[in-house]
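Heads up, the thing below is written out as structure tokens.
The values are calculated or read from the model by the stated rules, or taken from the named source; none is laboratory data. Fair warning: this is a prediction, and the values are worked out from it, not measured in the lab. Don't worry about glycine lacking a Cβ; one is built from the backbone with ideal geometry, like all the others, and counts go over all protein chains shown. SASA here: full protein model, heavy atoms, side chains in, ligands and nucleic acids out. Shrake-Rupley method; radii C 1.70, N 1.55, O 1.52, S 1.80 Å.
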Amino acid sequence: MHGFPWWPATASAYAGTIDFLFGSLLVVAALTSGLVFFLLLFFANKYRHGSNADRSGAIRKTWRFEVAWTAATLLVFVGMAVWGSTIYLRLYNPPADALQIFIVGKQWMWKAQHPGGQREINELHVPVGQDVRLVMASQDVIHSFFVPALRIKQDVVPGRYETMWFRADKVGRYHLFCAEYCGTDHAHMGGWLTVMNPRDFANWLEDQGGQTTLAAQGEELFRRYGCSGCHESGGTVRAPHLEGVFGSPVPLSDGSVVIADERYVRDSILNPKGQVAAGYAPVMPTFAGQVSEDDLAKLVAYIESIGPERSGS
Amino acid sequence: MHAPHDETYLNARVGIRSWLLTTDHKRIALLYFAGITFFFFIGGIAATLIRLELITPGPTLGSPDFYNRLFTMHGIVMVWFFLIPSIPTTMGNFILPMMIGARDLAFPRLNLLSWYFYIAGGLITIAALLLGGIDTGWTFYEPYSTFYATGYLILAVFGIFVSGFSSILTGLNFIVTVHKLRAPGMTWYRLPVFVWSTYATSLILILATPVLAMTLLMLLAERVLHVGLFSPQLGGDPILFQHMFWFYSHPAVYIMILPSMGVISEIVPVFARKPLFGYKFVVWCSIAIAAIGFLVWGHHMFVAGQSLYASLAFSFLSYLVAVPSAIKVFNWTATLHEGWIRFDAPMLYAFGFIGLFTIGGLTGLFLAALPIDVHVTDTYFIVAHFHYIMVGGAVMGFFAGLHYWWPKITGRLYPDYWARFAAILAFFGFNLTFFPQFILGYLGMPRRYQSYPPEFQIWHVLSSAGASILAFGYALPLFYFAWSILRGSRASANPWGATGLEWSTRSPPPPENFAATPTVVRAPYQYDQGKPCMQAGDV
Ligand SMILES: [Cu+2]
Ligand SMILES: [Cu+2]
């Protein structure tokens, strides 16, 4: 056995922020329960049957107390809600120039695809001090990507992309778990997050062998699946050029406008009739069931690569 | 022949038919007691096996599939066949009509039918679990349930569906009873808090259970007929399932805890020989909990991919729903002030309830904080939190009520020494079982894992050690209650010096409860210098 571990490893500044919030709530909880338990025991002893404590001051007007402790409780609770929410908002604001890694969950493993084309299973290597953004999909049931040392997790729901981001600040190896029950080997669906020095990370990437980048593999697939037949000049059908689409607003035929992010591109491929670009006939066939999650990631990476330069890089 | 004043609901009629076809609310309550005890035993065996399995970091008792079936069985049986029906169908059935001075519930035959729904549903589900079990967890998440689950899922889900009718009909019965059958003088603000909280529980039962029924039917439609509802493979939405499931299952938490709060609100004034502090606040807190409880289901989905704004709103509302619970704790505590406090077994269980519920509630505040939930949801922190509420709270409340009303129900006393010992044992066993799980959870140990990293082992070992003490604490009452029935001395009408109507009639009560309908002359829990002032006027 390993002694008594009290506190999880801390791999990011964000984890420190969470620990501080958690610690503060612990203090509030300890004070509140301390007060309640003290009063319970104090009254229980002082006013036990048979004691001759003075009982002449019984409280008749209870409403003052009720109003006081209702107001106090409400105030403290609202404070907690606001504090928690402001931290939570950070999870929804990924930095623009994050390193983007595609993750696919399936019974019972996590597969990662780096932009350079490197792949790994139940392992994720990332450089220290760099923002990393995960674009995650599931091939079967709901899984949940969980790294306790980063204090974050995100369910990965089949049928759509979920994203999450982090910046690991400390070199090391940290547990990676699946947190959403997913069947027989749920407990074995995990491995390690390895945070490395930039130099070591570069070496590690190199050691994975000369790969074609994810985007280049995607370009290849773009031809193989026949996308280019429609989407490039000289095609038989009038279809939008995909250069510059990614990250920019797309007017849809129903009058709404969406930003073309990973989710939109993915949906365009799997469910083209769902969101039809304005000015085009809904003639694109669905590729649902034909393109695997791995290939989808490549196609998305390709379309992303021919989008406008991302700000900041 | 018994002389008329010896006639009780127990000996008025004899034979198995007189029980299985009875429409007496008191006898039906005993039928429920039998069922509840049986299912608690089954769920408890599963819990014991789970704790045994987790003593070592690797597989101990069986395969991963075996473990998955184990916790699924534990969850399903405990939630639907023990916790949800526990207090309302047993003590609610027995005591509520007596508390308001009624002869029976409004619909006695419907009451019996409810029991048959409950038992039928329970047996169907148990059959599914014994035929090979199911591996979905009690939450039946999609698309796992439609496409990946193995075993007798359809049968188990159908069993839960059937038992839902028991919930709905029982809730309906209580609501009509409270509206229609109150004795003269029993105004709304003279109702004991147990009646109010059972009433609030009944509102949830009839409003939430149909949603569960629909969700389960939709699940069956998808699994059997492949109607696309929840699975992306069929064009459905897995998140929709979670919304529907938690729309029922969060309020279900209050179905479990509100009745216990009602029990505690009875016991604390009686053993402190003082009126309940802030009666009206406690009453309206129950109603507020039932109402706001319908608006917080999304806190189960903070990492599931619901929208940011939904999460912010659900976090805020979750804090809001905690306010009335906190107020109740303050009121129970304040009730002790200047009392004449006795420490009989029911009061010790009540103290245990307040302590454990407070810890459970406070850790709920951690979970309502969005970024903390992101870290600890689906870990042992959650497991610990809801066991503090549902076992520390609801089950402690169940035992508190059982010890409190036992003399009324059976007409016998039990050995108070052993009962107090059991209460203390359960309290310490409980804390040793579940407190380490908070630490495990914050360390990052995910739930529903048969195997885990070895550094977590020490906390699991402590937890399992606690579970063995807890099991002992829960098994003890079986023995001294059995002894009480066989050998216990006769209980008087009002052994605790309580003020409620149920204590103004004989123990055990006659079939018709009261010789003549009582007239209520005052609010509940009135004491004069520690002496009870009965709610019923002299007949
Ligand atoms: Cu999993
Ligand atoms: Cu909830």
Revision key, fill the gap. The aspartates and glutamates whose Cα lies under 18 Å from the Cα of A:Lys273, excluding any fewer than 8 residues away in the same chain, are A:Asp254, A:Asp261, A:Glu262, B:Asp237
Review point. Expressed in nm², what is the orientationally averaged projection area of the convex hull enclosing the Cα positions of the stretch A:99-207?
Key: 6.0
Point to revise | Span-like helix ranges in chain B, DSSP H, alpha carbon extent 15 angstrom or more, Kyte mean at least -0.5 | key: B:25-53, B:64-76, B:108-130, B:153-180, B:193-225, B:238-272, B:279-292, B:308-336, B:345-368, B:396-410, B:416-443, B:457-487
Study note, to complete from the structure: Pseudo-spin-label distance A:Val78 to A:Phe4, built 7 Å along Cα→Cβ, given in nm, is 4.0
Check your understanding: How large is the helix-only mean residue ellipticity at 222 nm for chain B, computed as the sum of -39500 (n - 2.57) over DSSP H runs with n ≥ 4, divided by its residue count, in deg cm²/dmol to the nearest 500?
Key -> -21000 deg cm²/dmol
Revision key, fill the gap. Whole-Å distance linking the alpha carbon centroid of the stretch A:150-184 with that of the stretch A:83-131 is 8
Point to revise | Heavy-atom accessible area order for B:Leu470, B:Leu295, largest first, 1.4 Å probe | key: B:Leu295, B:Leu470
Revision key, fill the gap. Shape descriptor, the stretch B:25-535: equivalent ellipsoid semi-axes (Cα gyration tensor, sqrt 5λ, whole Å, largest first) stand at 37, 25, 23
**Study point:** For the stretch B:343-497, convex hull volume per residue from C-alpha positions, Å³
**Key:** 105
Exercise for review: May I ask you to give the average projected area over all directions of the convex hull of the Cα atoms of the protein assembly as shown, in nm² rounded to one decimal?
Suggested key: 37.8
Review point. Picking from A:Tyr181, A:Asn271, A:Leu134, whose Cα lies most toward the positive end of the charge dipole for chain A (charges on Cβ: Lys, Arg +1; Asp, Glu -1)?
Key: A:Tyr181
Check your understanding: For chain A, what relative contact order do you get, as a whole percent, if you take Cα pairs closer than 8 Å and at least 6 residues apart?
Key -> 16
Review point. Per residue, how much accessible area does chain B show when a 1.4 Å probe rolls over the protein heavy atoms, in square angstrom?
Key: 32
Practice item. Any chance you could give the angle, 0 to 90 degrees and rounded to 10, that helix A:63-91 forms with the longest Cα principal axis of chain A? Key: 20
Review point. Let a ≥ b ≥ c be the square roots of the eigenvalues of the Cα gyration tensor of chain A; is it rounded (a/c under 1.5), or, if not, prolate (a/b larger than b/c) or oblate?
Key: prolate
Practice item. Nearest 5 is fine: what % of DSSP beta bridges in the stretch A:99-207 come out antiparallel, could you say? Key: 70
Study note, to complete from the structure: So, relative contact order of the stretch A:214-305 in percent, Cα under 8 Å, 6 or more apart, is 38
Study note, to complete from the structure: Measuring from its Cα centre, chain B shows a charge dipole (+1 at each Lys and Arg Cβ, -1 at each Asp and Glu Cβ) which, in debye to the nearest 20, is 1240
Review point. How long are the three semi-axes of the equivalent ellipsoid of the stretch B:32-75, in whole Å, if each is the root of 5 times an eigenvalue of the C-alpha gyration tensor, listed from largest down?
Key: 24, 10, 6
Review point. Pulled fully out, how much extra length does the chain show between B:Trp19 and B:Tyr189, if you take 0.36 nm times their separation in residues and subtract their Cα-Cα distance?
Key: 57.7 nm
Check your understanding: Expressed as a whole number of Å, what is the distance separating the alpha-carbon centroids of the stretch B:322-378 and the stretch B:446-466?
Key -> 26
Exercise for review: Assign unit charges at the C-beta atoms only (+1 for Lys and Arg, -1 for Asp and Glu), then state the dipole size of the protein assembly as shown relative to its Cα centre in Debye, rounded to the nearest 20.
Suggested key: 3380
Point to revise | Cα gyration tensor category, rounded, prolate or oblate, for the stretch B:1-141 with a/c compared to 1.5 | key: prolate
Point to revise | 11 Å reach of a label modelled at A:Arg55, 7 Å along Cα-to-Cβ, counting backbone N of the stretch B:322-350 | key: B:337-342
Exercise for review: Just need the relative contact order of chain B here, percent rounded to a whole number, with Cα pairs under 8 Å and 6+ apart.
Suggested key: 17
Study note, to complete from the structure: For the table A:Lys111/A:Lys298; B:Lys26/B:Lys280; B:Lys26/B:Lys180; A:Lys111/A:Lys153; B:Lys328/B:Lys531, the rows whose alpha-carbon distance is greater than 21 Å are B:Lys26/B:Lys280; B:Lys328/B:Lys531
Check your understanding: Quick one: if the Förster radius is 56 Å, what FRET efficiency do B:Ala482 and A:Leu99 give, using the C-beta to C-beta distance and rounding to 0.05?
Key -> 0.25
Revision key, fill the gap. Quick tally, 1.4 Å probe accessible area for A:Asp140, A:Asp200, sorted with the most first, runs A:Asp200, A:Asp140
Study note, to complete from the structure: Unit-weight point scatterers at every alpha-carbon of the stretch A:14-93, Debye formula, q = 0.13 1/Å: log10 I(q)/I(0) is -0.64
Check your understanding: With each pseudo-label sitting 7 Å past Cα toward Cβ, what's the A:Ser248-B:Leu52 distance in nm, one decimal?
Key -> 6.7
Check your understanding: Which of B:Gly298, B:Ala106, B:Phe430 sits closest to the plus end of the dipole of chain B, meaning its Cα is farthest towards the positive end, when Lys and Arg get +1 and Asp and Glu get -1 on the C-beta?
Key -> B:Ala106
Study note, to complete from the structure: Between the modelled labels at A:Ala68 and B:Phe472 (7 Å from Cα along Cα→Cβ) the distance in nm is 4.4
Review point. Ignoring ligands, DNA and RNA, how much accessible area is buried between chains A and B, both sides summed, with a 1.4 Å probe, to the nearest 100 Å²?
Key: 7400
Review point. Can you pull the percent of the protein assembly as shown's accessible area that's carbon plus sulfur, 1.4 Å probe, other chains left in place?
Key: 66
Practice item. For A:Trp192, put the label point 7 Å out on the Cα→Cβ axis and report which residues of the stretch A:157-177 keep their amide N under 18 Å from it. Key: A:168-177
Check your understanding: Across all directions of projection, what mean area in square nanometres is found for the Cα convex hull of the stretch B:298-403?
Key -> 7.1
Point to revise | Charge dipole of chain A about the Cα centre (unit charges at C-beta), most positive-ward option of A:Val36, A:Ala11, A:Pro240 | key: A:Val36
Check your understanding: Using heavy-atom solvent-accessible surface (probe 1.4 Å) with all chains present, what is the largest-first order of B:Lys180, B:Lys26?
Key -> B:Lys180, B:Lys26
Practice item. Whole number in Å², please: accessible area per residue of chain A, 1.4 Å probe, ligands, DNA and RNA not counted. Key: 47
Point to revise | Cα-based equivalent ellipsoid of the stretch B:138-219: semi-axis lengths in Å, sorted from largest, via gyration tensor | key: 37, 11, 9
Practice item. Only counting protein heavy atoms at a 1.4 Å probe, give the residues of the stretch B:314-341, ordered by number, whose accessible area falls by 50 Å² or more when the other protein chains are present relative to the chain alone. Key: B:Tyr319, B:Val323, B:Phe330, B:Thr333, B:His337, B:Glu338, B:Trp340, B:Ile341
**Study point:** Two-site FRET efficiency, B:Asp528 against B:Val176, from Cβ-Cβ distance with R₀ of 35 Å, rounded to 0.05
**Key:** 0.50
**Study point:** List of the stretch B:276-299 residues, accessible area with partners at least 30 Å² below that of the chain alone (1.4 Å probe)
**Key:** B:Phe277, B:Phe281
